[in-house]
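K.L.:
Dumping the structure here so I can ask a few things about it.
Read-outs throughout are calculated quantities, based only on the coordinates presented, and are distinct from any laboratory measurement. What you see is a predicted model, and the numbers here were worked out from it, not measured in a lab. Don't worry about glycine lacking a Cβ; one is built from the backbone with ideal geometry, like all the others, and counts go over all protein chains shown.
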């Protein structure tokens, strides 16, 4: 292993870790905000139904939710774009980015 390659690998690992931490932190914050908004919306629906202002067909809401979740789980990314991008970036960058994402998501 050459000393020139060591500098490139170190730079790749450090930048991958920093970017991964930032992405993980941002994803967790966005998910948290989205879940708070969704919970508030469902709480408001429940309250309005309890007061008799609104009538909600919860069975239909359940069917729609199950279908949406099943579609999201069963969907696949077509093509090899993600795989080719990750393979071109190299193992040190993708590995450190994955580790950084996990740290950022846990700390976020």
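K.L.:
Calculated FRET efficiency, residue 51 and residue 26, Cβ-Cβ r, R0 30 Å, to nearest 0.05?
P.N.:
After rounding to 0.05, the efficiency reads 0.20.
K.L.:
For q = 0.28 Å⁻¹, what log10 I(q)/I(0) does the range 1-59 give under the Debye formula with an equal point scatterer on each alpha carbon and no solvent?
P.N.:
The Debye formula, applied to the Cα set alone, gives -1.02.
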